[in-house]
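Working notes for the structure below.
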Amino acid sequence: MALYFSKRNTNTEEYFVGGRSFPGWAIGISLLGTTISSVSFLAFPAAAYALDWRLLVPNLCLPFVAILAIIVFIPFFRRAKLTSAFEYLEDRYGSVVRLYGTISYILLALLRVGKFLFLASIPLSLFSGLPMPTVILLLGIFVAFYTILGGIDAVIWSDVIQTIVLIVGGLICVGFIVWKLPGGIDQIFEVAGASNKFHLGSTNWNLSERTFWTVTLLGIFSWLTNYSADQNFIQRYAASRSTRDARMATATFSLLAVPTWTFFFLIGTCLFVFYSVLPDPHVAQLEADEVFPFFILSQIPAGLAGLIIAAVLAAAMSSLDSSINAVATLTVVDLIRPRFIKGRGDGFYLKAAKLVAILTSVIMILLAWLFSNMPKESMADLGWIVVSVFGGCLVGLFMLGFFSTKVDNQCVLVALPIAILLNFYLMLNTVGWLPQEWSVNIHAYWVGILVNIVFVCLAYGISLILGKPPGKQLEGLTIWTRENTRKIKTV
């Protein structure tokens, strides 16, 4: 596929957004594959196996945020042929804020791809007997090759196929567990219910624990960030052939995503029941993230086990390729072309995008190796911590941009440094690098939530104190000036 699509990639418009010609259904399935990743295939079952279903709660918030995205967010990003999520921030606040958003997102994306690559390497290392660093290197090079060569065309169409493969792989696993258990599917719900494995978390209000309310708020903020500030989403809005297709893609993704994630949590619960009823002493020595790969290799017949390994690979590749392409797009569209190397031909920027993708792949491999040497409860938990701690003020910036006419560039530039300092302090607190007398007892999941709340309150409060309207025109940039978008060419 990459070789085929490489013939089309003669300009950056094709390489970044596929000529803006994709149908909504393909974009929706591609988004599903991108967000499922190896986190769903391996870490979600690990989270359900080790604890319960409380880490599913953030994803249950998705449909509510999706409605907001379909009605409000998509029209803003479809205007004037935007390619980057952060082009909107420059229109709304200026170039400094766009630069902050771009750098913040790139750092977060690099951490994610390292995590995803590591997760995919776990079962491959167990299966092949190769050392983890070798598997990380080989898989990273393979994903980088087809992503760099094929651009967004290869990313989206391969994601569609990979999504189908990973869902089939999960169904096979559940089928084998039900078949091997003496009591079948009834035994799964009986044993899991008795062990409280379907629990969604305590409803107490406690900032230091992963309670139901903590993970719910985390989910709302995380999905607001994804739908409004994640380049993987915005780039697909831009790649859709029309605004209607972009909305259809978001609706398709939202309808498919929650049942799919629930299904992968069910896999983890099924594994818990399986090894409770049919105990294996070796399982007790494994980390939670290794139980599912061990089950695949020890219980599934060889041919079908290979298909499931392919499903794990599909889950990983569908996230890795999207993020590599997104980082390359942002680096060229937001940094190189408008700031560092201006006025060159389109061919130069196309070569630059491919070089950035190569560098991103190298960093991805190094971070995956680093993650492989870190202790963690489960990678799903680590994933939410990464999003919370390194997400910055992105969601606050976009929400103020969409819903406020009072907050201008001046308000944001005063509030943003304060919020960044708070984010840095809470990050140090989370990793335990602060003296005891300076630390606070707060769970890492709250970092992103608090930082964004503080930023929004500060920026809006400053706008009330200044008491003046923004100094630039806001036609088409907020929901209150949305009627004026009709004056702007919408594509």
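The values are calculated or read from the model by the stated rules, or taken from the named source; none is laboratory data. The model shown is predicted, which means the values in this text are computed figures rather than measured ones. Using ideal geometry, Cβ is built from the backbone for each residue, glycine included, and neighbour counts are taken over all protein chains shown.
Residue 344 passes every criterion in (1) surrounded by 20 or more Cβ atoms within 10 Å (Cβ to Cβ); (2) outside any helix (DSSP H, G or I) apart from (1).
Remark: pairs (first residue in the range 263-277, in contact (Cβ under 8 Å) with a residue 40 or more places away in the chain; second residue of a type in the set (Lys, Arg) and in a helix (DSSP H, G or I); Cβ separation under 8 Å; 6+ apart in sequence or on different chains) = 274/180. Does residue 12 satisfy the criteria of being in contact (Cβ under 8 Å) with a residue 60 or more places away in the chain, over 25 Å from residue 247 (Cβ atoms), buried (at least 21 other Cβ atoms within 10 Å of the Cβ) and β-branched (Val, Ile, Thr)? So residue 12 passes the test.
So is residue 26 in contact with a helix residue (DSSP H, G or I) (Cβ under 9 Å, 6 or more places away or on another chain), at negative phi and at pLDDT below 85 or not? It is false that residue 26 is in contact with a helix residue (DSSP H, G or I) (Cβ under 9 Å, 6 or more places away or on another chain), at negative phi and at pLDDT below 85. Can you tell me which residues in the range 116-140 are modelled with pLDDT of 90 or more, more than 19 Å from residue 159 (Cβ to Cβ) and buried (at least 23 other Cβ atoms within 10 Å of the Cβ)? Answer for the range 116-140, where residues must be modelled with pLDDT of 90 or more, more than 19 Å from residue 159 (Cβ to Cβ) and buried (at least 23 other Cβ atoms within 10 Å of the Cβ): 135, 136. In this structure, is residue 106 buried (at least 24 other Cβ atoms within 10 Å of the Cβ) and under 30 Å from residue 289 (Cα atoms)? No: the conditions fail for residue 106. Only one residue in 96, 113, 155, 143 is touching a residue at least 24 places away in the same chain (Cβ under 8 Å), surrounded by fewer than 24 Cβ atoms within 10 Å (Cβ to Cβ), part of a helix (DSSP H, G or I) and not hydroxyl-bearing (Ser, Thr, Tyr). Which one? Going through 96, 113, 155, 143 in turn, the sole match is 96.
Residues being without any contact (Cβ under 8 Å) to a residue 40 or more places away in the chain, in a helix (DSSP H, G or I), over 30 Å from residue 275 (Cα atoms) and of a type outside the set (D, E, K, R) are represented in the range 203-219 by at least one member. Only a single item in (1) over 18 Å from the mean Cα position of the chain (by Cα); (2) without any contact (Cβ under 8 Å) to a residue 24 or more places away in the chain is not met by residue 103, and it is number (1). Against the condition part of a helix (DSSP H, G or I), aliphatic (A, V, I, L, M) and more than 21 Å from the chain's Cα centre (by Cα), how does residue 136 come out, does it pass? No: the conditions fail for residue 136. The set of residues in the range 244-266 that are surrounded by 24 or more Cβ atoms within 10 Å (Cβ to Cβ) and among the β-branched types (Val, Ile, Thr) contains only 250. Taken across the range 44-53, residues that are surrounded by 21 or more Cβ atoms within 10 Å (Cβ to Cβ), hydrophobic (A, V, I, L, M, F, W, C) and within 22 Å of residue 227 (Cβ to Cβ) do occur, with at least one present.
Scanning for something at pLDDT below 90, under 30 Å from residue 241 (Cα atoms) and in a helix (DSSP H, G or I), does the range 171-186 turn up at least one residue? Within the range 171-186, not a single residue is at pLDDT below 90, under 30 Å from residue 241 (Cα atoms) and in a helix (DSSP H, G or I). The residues of the range 399-410 that are buried (at least 24 other Cβ atoms within 10 Å of the Cβ) and of a type outside the set (Val, Ile, Thr) amount to a single one, 400. If the condition is being in contact with a Ser or Thr (Cβ under 9 Å, 6 or more places away or on another chain) and aromatic (Phe, Trp, Tyr), then the range 89-130 contributes 116, 118. Any residue in the range 121-128 that is closer than 18 Å to residue 356 by Cα and within 19 Å of the chain's Cα centre (by Cα)? No: zero hits. The residue of the range 396-415 that is nearest to the chain's Cα centre (by Cα), among those that are farther than 13 Å from residue 98 by Cα and aliphatic (A, V, I, L, M), is 399. Residue 84 meets each of the listed conditions (1) in a helix (DSSP H, G or I); (2) touching a Leu at 6+ places or on another chain (Cβ under 8 Å); (3) of a type in the set (Gly, Ala, Ser) apart from (1). Looking across the range 288-309 at every residue that is touching a residue at least 40 places away in the same chain (Cβ under 8 Å) and not aliphatic (A, V, I, L, M), the one that is surrounded by the most Cβ atoms within 10 Å (Cβ to Cβ) is identified as 292. Against the numbered list (1) at pLDDT below 90; (2) in contact with a Pro (Cβ under 9 Å, 6 or more places away or on another chain); (3) surrounded by fewer than 24 Cβ atoms within 10 Å (Cβ to Cβ), residue 241 comes up short only at (1).
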